[in-house]
Every structure is written in C-alpha cells, then in structure tokens.
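Input: a single structure, listed below in structure tokens.
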Amino acid sequence: MAARQTRDVNLALVIVKPHAFRQSYNMSMQILKPDDRIDLGVGQPDPALLPQSLFQSLSIPRQSLAYGQEAGAIDFRERLAQWLSADVRQTVQASDLLVTTGSSNALDMICSRLAKPGDTVLVEDPTYFIALNQLREHGLKVVAVPMDDRGLQPEALEQAIQQHAPAFIYTVPTYHNPTGITQPDERRRNLVAMAKRYACPLIADEVYQCLYFDQPPPPPLACYDRDAPVLSVGSFSKILAPGLRLGWIQASGDALQPLLNAALLKSGGGLAPVTSAIVGSLIETGAFQQYLQSLKQILKTRRDVLWQGLTTELGERWQINRPEGGYFIWASQRDGLSVADLREAAIHQGVSFLAGTKFSANNNFVSSMRVCFAWYDAVELEQACVRLGKVFADH
Ligand SMILES: Cc1ncc(COP(=O)(O)O)c(C=O)c1O
C-alpha cells in the first residue's frame with residue numbers, strides 16, 4: 001500500500017501498432033514477419049497480440065528507480081509468488097524467487113555460477129536450440145540424453161550422470177520446445193529424486209508452464225522437494241511480452257545462493273526493478289491474469305487449427321504431436337524422409353519450418369520439424385498447412 005502511495009513517475013510505453021508488423025523480413029528486428037512466406041519456424045508471440053493497452057498509463061514507485069535487493073524487489077516477488085501459487089496450485093514463497101531479465105538471462109547466470117568452462121552438462125535430445133548455443137558459448141560440453149513420449153528417459157539420464165558427472169542437467173519439462181511433450185508427475189518425481197541423489201542441479205526451463213489450454217500440467221520441478229537442487233526458470237516473454245525482458249528463478253534451500261552471490265547482482269543490485277514494478281502492478285490489478293486467460297484461448301484455437309491442418313494435409317505417413325499447451329507442434333515423417341532437405345522447397349512454396357536436426361546436439365531428427373502456432377493467426381496457419389501439404393506431396 002505504501003508503495004502505491006509513492007507512485008509518482010508516469011510511464012507511457014510506445015509500442016508499434018499491429019499493422020506495422022508485416023514488413024520486409026529482418027532478423028535483427030524480431031517483430032517483423034517475412035512477406036514472402038508463412039514462417040512457422042518463428043517461436044514468438046504474435047506481435048498483434050501484444051497487450052499494448054495494458055501499458056499505456058502506468059506509474060512506478062520512486063524506489064524502483066534505485067538499486068534494489070539482489071533477489072529483486074520484494075513487492076514484486078510477493079505478487080509474483082501469489083500469482084504463481086494460484087496458477088501452479090502449490091505454495092510458492094517470495095523468498096524462493098530471484099528476478100531475472102528472462103529465461104535466457106537465467107540460463108546465462110546459471111552457466112556462469114554453477115559450471116566452469118570444460119564442464120559437461122546434460123540436455124534433452126532434442127532441446128531448445130538457442131539453449132544449446134548458450135551452453136556452448138560458456139565453454140560447456142553438451143551431452144544429449146534421449147527422450148521418450150514422457151520426456152527425459154530416466155535410465156539413460158542416470159547412466160549419463162554416472163558417466164559424465166555433469167555440472168547440471170537442463171530440461172524443458174512442460175510443453176517442451178520443440179516436441180510439445182510434458183513430463184507427467186511420476187517422471188518429475190523420478191528426475192527430482194535423481195538430482196537429489198547425485199547432488200546434481202536440475203535446471204527446469206519452464207517458460208511454457210502457465211500456457212495450458214485445459215488441465216494444468218504438474219507443478220514446476222522446484223515445487224517437488226525443498227531439499228533437492230532444482231531451479232525452475234520462468235519468464236513473462238511467452239505469457240505477456242518478450243520485450244519486457246522479465247523472468248524469475250524459483251528454488252529453495254541454498255540453491256539460489258551461488259546466483260545471489262554473483263558480482264553482477266552485488267554490483268548492480270536486483271535485476272529489472274522498473275519492469276518488475278510495472279508487471280507487479282498488472283498482477284496486482286488482475287489485468288495480467290485476464291490477458292493470459294484470453295491469450296490461452298487464442299493459442300488453443302490456433303493449436304487446433306494447425307494440428308487439424310497438418311493432420312489433413314500431411315496424412316498418415318506423419319506422426320503429429322498434439323500438445324496440451326505452449327507454442328509448438330512436432331511432426332515426424334514415419335518413412336525417414338529428410339524433412340531438413342525439403343526446407344528450401346518449402347520456402348519456394350511460401351512456407352517454412354525448423355528442421356528437427358537444429359534441436360539436436362547429435363544431428364538427430366532429420367525426419368522431424370517444429371512448427372509454431374503462436375506467431376500467425378488461424379487463416380495464415382490454414383494456408384501454411386495447404387502449402388506444406390504440396391511440398392511433401394511432391395516428394
Ligand atoms: C525453452 C525456451 N527457453 C527460453 C526461451 C527464451 O525466453 P526469454 O525470452 O525469457 O529469454 C524460449 C523462447 O523461445 C524457449 O522456448
């Protein structure tokens with residue numbers, strides 16, 4: 001309450017209008033859509049759905065303009081904890097949260113503080129391709145562990161832990177990027193127990209956790225055992241706006257300590273105090289939760305359109321995963337066709353996707369592709385499916 005009374009700095013964020021987005025493609029500006037094709041490879045929120053109006057007349061407390069607590073502003077962490085507790089149906093404590101400037105920033109800090117160059121880390125095969133790049137940028141050796149239809153295979157994981165003594169394990173447990181798979185409760189228990197048994201930090205990149213379309217997924221991995229070395233990473237990028245560059249790490253016990261001791265936070269104080277004040281007020285008023293609800297409805301419809309379109313156009317020679325949330329559908333050609341080799345042909349037809357090989361540390365998944373249902377509307381997704389149907393019918 002006191003914080004609200006001291007609000008005296010007005011912010012008017014200027015965001016580009018939706019119609020300005022369809023312009024020539026330029027990778028350095030991630031909000032522009034290509035005009036020569038429907039690019040299902042892009043894994044971002046649709047710029048037209050970014051909630052500009054929520055940001056039009058917000059004010060922030062003066063204290064947000066000062067250096068803040070290492071873990072992030074307590075007002076914000078309390079609001080975040082309250083919303084998370086409701087959304088994941090578990091008690092999340094503000095003291096278990098560390099504010100970051102997004103999931104990528106969290107992974108960067110984790111690489112710096114929990115590993116040193118030359119260490120091995122375990123990832124899923126396949127996994128989020130930019131995480132692979134990030135890990136390698138830190139001089140880490142990446143070992144890929146196979147998945148099944150319930151996520152990381154526990155036997156293979158245990159063997160890899162014994163063989164490589166990794167600095168940490170990186171997993172995307174919910175609506176996995178790229179496969180859309182969600183680890184069920186029992187698999188999660190198993191992974192958390194293994195992390196504890198081997199004292200090996202388990203990093204759960206959970207940026208899609210809150211994007212469930214019907215039933216909520218099992219809780220974040222950090223909710224399972226307060227004594228296990230588990231760090232759950234969340235972000236507002238996919239559920240509000242990526243330009244905010246705002247996220248969090250949830251962990252209990254001493255697990256956050258190496259990060260809190262980082263010179264980065266000692267010098268600069270907590271990350272993103274201004275942005276977290278803005279988002280904190282959207283949580284407090286409920287405007288964020290309302291937006292998230294409507295976003296999930298739209299994404300659910302788009303998931304249905306893309307899944308149905310692919311099923312119709314590609315036919316029975318494809319296995320097409322139907323995720324219960326998130327952004328991505330993973331489709332695999334059953335006869336071993338090199339989908340990767342057909343990307344150029346697809347672009348020629350005015351459509352593109354990301355080839356499965358991009359997500360594999362071992363160059364696996366040559367017959368798979370990841371397509372995103374978040375970036376385009378239903379009409380464009382239908383068109384994209386028809387074009388994909390032509391590409392694969394020709395081959
Ligand atoms: C699994 C995963 N982690 C992290 C990110 C990036 O998140 P942020 O914008 O919070 O850095 C993405 C975005 O595609 C993602 O799919």
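Miscellaneous remarks
- Residue match in the range 243-255 (condition: in a helix (DSSP H, G or I) and in contact (Cβ under 8 Å) with a residue 24 or more places away in the chain): yes
Every residue, every condition in (1) buried (at least 22 other Cβ atoms within 10 Å of the Cβ); (2) within 27 Å of Ala263 (Cβ to Cβ); (3) among the hydrophobic types (A, V, I, L, M, F, W, C); (4) assigned by TED's automatic domain parsing to the domain that holds Ile278, yes or no:
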{"site": "Gln69", "(1), (2), (3), (4)": "no, yes, no, yes"}
{"site": "Gly72", "(1), (2), (3), (4)": "yes, yes, no, yes"}
{"site": "Phe76", "(1), (2), (3), (4)": "yes, yes, yes, yes"}
{"site": "Val88", "(1), (2), (3), (4)": "yes, no, yes, yes"}
{"site": "Leu98", "(1), (2), (3), (4)": "yes, yes, yes, yes"}
{"site": "Leu107", "(1), (2), (3), (4)": "yes, yes, yes, yes"}
{"site": "Gly118", "(1), (2), (3), (4)": "no, yes, no, yes"}
{"site": "Arg136", "(1), (2), (3), (4)": "no, yes, no, yes"}
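- Test result for Val371, outside the structural domain of Val123 (by TED's automatic domain parsing), of a type in the set (Val, Ile, Thr) and within 16 Å of the ligand (Cβ to nearest atom): yes
- Every residue from the range 228-242 that is within 12 Å of Cys210 (Cβ to Cβ), part of a loop (DSSP other than H, G, I, E, B) and more than 8 Å from the ligand (Cβ to nearest atom): Ile239, Leu240
- Matching option when the condition is free of Cβ contacts under 8 Å to residues at least 24 places away in the same chain, more than 16 Å from the ligand (Cβ to nearest atom) and in a helix (DSSP H, G or I), among Thr311, Thr301: Thr311
- Filtering the range 110-149 to residues that are under 21 Å from Thr182 (Cβ atoms) and of a type in the set (Val, Ile, Thr) leaves Val123, Thr127, Ile130, Val145.
- Total residues in the range 73-130 satisfying the condition of being part of a loop (DSSP other than H, G, I, E, B), among the polar types (S, T, N, Q), within 30 Å of Gln163 (Cα to Cα) and more than 11 Å from the ligand (Cβ to nearest atom): the figure is 0.
- Only residues that are more than 24 Å from Tyr175 (Cβ to Cβ) and of a type in the set (Phe, Trp, Tyr) were counted across the range 342-395, and they come to 1.
- Number of positions in the range 179-190 that are touching a residue at least 40 places away in the same chain (Cβ under 8 Å) and part of a helix (DSSP H, G or I): 0
- Of the residues making up the range 149-178, those that are in a strand (DSSP E or B) and either outside the structural domain of Ser103 (by TED's automatic domain parsing) or closer than 20 Å to Pro219 by Cα (or both) number 5.
- Selected residue (only one of Ser267, Ser281, Ser276 is away from the ligand (no atom under 13 Å from the Cβ) and out of contact with any helix residue (DSSP H, G or I) (no Cβ under 9 Å at 6 or more places or on another chain)): Ser267
- Among the candidates Ala156, Ala144, Ala131, residue that is without any contact (Cβ under 8 Å) to a residue 60 or more places away in the chain and aliphatic (A, V, I, L, M): Ala156
- Only listed residue being of a type in the set (S, T, N, Q), closer than 19 Å to Leu40 by Cα and under 22 Å from the mean Cα position of the chain (by Cα), chosen from Thr311, Thr301, Thr275: Thr301
The values are calculated or read from the model by the stated rules, or taken from the named source; none is laboratory data. This one's a predicted model, so the numbers in the text were calculated from it and none came from an experiment. For neighbour counting, all protein chains shown are included, and Cβ atoms are generated from backbone atoms with ideal geometry for every residue, glycine included.
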